[in-house]
Each structure stands twice: as C-alpha cells, then as structure tokens.
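Reading through the structure tokens given below for one structure.
The values are calculated or read from the model by the stated rules, or taken from the named source; none is laboratory data. These figures come from a predicted structure and were not determined experimentally. Note: ideal-geometry Cβ built from the backbone for every residue, glycine included; neighbour counts use all protein chains shown.
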Amino acid sequence: MVETSMRKLLERTGKSADQWVAIVKKQGPPGEEARREWLKSAHGFTTNYAWWIAELSVGKGGEQTDPDAYIAAAEGYVEKMFAGKREVLRPLYDKLLKLGLATAKDVRACPCQTIVPLYRHHVFAQIKPSTNTRIDMGFALRDRKPSGRLVDTGGFAKKDRITHRIEITSLADIDDEVAKWLKTAYELDEK
C-alpha cells in the first residue's frame, strides 16, 4: 500500500513524497495540523495524503515510506490501539478484520496508528476504535443513501474516502449488514 500510495502521489501531482515534504517545509505554515489543512486547501490534497505528508514534514511516520520498517511497526500499532481501556474492543477488531479479509482474496489490511484500513486498489473500508466502547466500521460508499444502521459521515462532501460507518459495540453487531456493506464497498473500489 505504501508503494502504491507513493506512486499515485507522484502520478497525481508530478512530485514525490520527498519533494512534497521539502515544499511544505519551505512554503507551508509551521505545525503539523496547519500543514495538513494547507495541503488540502492550497494544493487539493485528500485527507490521507495531507496527513501523511504533514507527518513526514515534522519527522513522524518515516516507517510509512519504508515497507520493511512498516511491517515491523504495524503489529505494534494494533497492540497499542487496543491496549488499556480499549482492550475490551480487541475481540470485535479481530472479528471485523477476519470478515474484511474474507471479502475477497485480494483484500489487504494496512494498520496505522489509529485505524486499520482495508484495501483492494484503494481503501474501501476501515476499522476504527472511536471510543473505549465502540468501533466504527467505515466504508467507502461514495454518495449512497444510508439505510439500516449505516450512517453517512459527511465524508463524500469532504472528499474523504470513508463516507459511511456502522457502530460496532458487540460481537452481535458484526452481522450480515456489515458483510453486505463490506462487499458493496469492495465492489465499488475500481482501479
């Protein structure tokens, strides 16, 4: 996923991650959050790319650009994400991850520090512990109308990939409806 993201950034903007980091350091505002917003408003970056480049510009997230370093760090991300008060969410995460990976043979998980995206060609879903008692299962469903337990996150209007979510607070919440939206999001993920 890292290699794909780096390639797509170069294809879309004509500049590599390293070149963007140099631009941000030279022309952008100080601070990671301000840089994220600047990349989105001044350069049309999507949220994930803005987050990634802003992190790199302040010396964070270097493991994201080195596949070997990422593999070493990914397991630790999940352990930290579900430690302490969120430890009770780990069985929900494990079941959601298993369901997501079972959607199709080409589905991959790419743990980050706060979410676990699922991707095919692009991120089509994500597992996010939103509180100490709830995981939000997010989906890239574009401008689909919500139904059932599916909630519109406002992501489509903000140009975020994840546009909808279902709240998961128990193993019973991981049902056919969640599987249906996973499959739909997967099928919408075109090259």
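Summary table below
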| item | result |
| --- | --- |
| Odd one out for residue 73, checked against (1) surrounded by 14 or more Cβ atoms within 10 Å (Cβ to Cβ); (2) modelled with pLDDT of 90 or more; (3) among the aliphatic types (A, V, I, L, M) | (2) |
| Complete set of residues in the stretch 14-23 that are in a helix (DSSP H, G or I) and in contact with a helix residue (DSSP H, G or I) (Cβ under 7 Å, 6 or more places away or on another chain) | 17, 20, 21 |
| Subset of the stretch 130-143 that is more than 12 Å from the chain's Cα centre (by Cα) and not acidic (Asp, Glu) - its residue that is farthest from residue 96 (Cα to Cα) | 142 |
| Lone qualifier among 174, 166 - being under 27 Å from residue 50 (Cα atoms) and touching a strand residue (DSSP E or B) at 6+ places or on another chain (Cβ under 8 Å) | 166 |
| In the stretch 91-105, the residues that are touching a helix residue (DSSP H, G or I) at 6+ places or on another chain (Cβ under 9 Å) and not aliphatic (A, V, I, L, M) | 91, 93, 95, 100, 103 |
| Number of the exception - residue 172 against (1) surrounded by 12 or more Cβ atoms within 10 Å (Cβ to Cβ); (2) closer than 25 Å to residue 78 by Cβ | (1) |
| Among the candidates 128, 180, 158, residue that is exposed (fewer than 15 other Cβ atoms within 10 Å of the Cβ), of a type in the set (Lys, Arg) and not in a helix (DSSP H, G or I) | 158 |
| Qualifying residue in the stretch 102-111 (condition: more than 20 Å from residue 88 (Cβ to Cβ), at pLDDT 95 or above, in contact with a strand residue (DSSP E or B) (Cβ under 7 Å, 6 or more places away or on another chain) and surrounded by fewer than 22 Cβ atoms within 10 Å (Cβ to Cβ)) | yes |
| Meets criteria (within 16 Å of residue 175 (Cβ to Cβ) and of a type in the set (A, V, I, L, M, F, W, C)) for residue 150 | yes |
| Where residue 120 falls short, out of the listed (1) crowded, with 19+ Cβ neighbours inside 10 Å; (2) under 22 Å from residue 4 (Cβ atoms); (3) in contact with a helix residue (DSSP H, G or I) (Cβ under 7 Å, 6 or more places away or on another chain); (4) at pLDDT 95 or above | (4) |
| In the stretch 27-68, residue modelled with the highest pLDDT [restricted to those that are β-branched (Val, Ile, Thr) and outside any helix (DSSP H, G or I)] | 58 |
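Each row is one residue, and each column tells you yes or no for (1) basic (Lys, Arg); (2) under 21 Å from residue 138 (Cβ atoms).
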{"site": "36", "(1), (2)": "yes, yes"}
{"site": "49", "(1), (2)": "no, yes"}
{"site": "58", "(1), (2)": "no, no"}
{"site": "77", "(1), (2)": "no, yes"}
{"site": "88", "(1), (2)": "no, yes"}
{"site": "91", "(1), (2)": "no, yes"}
{"site": "108", "(1), (2)": "yes, yes"}
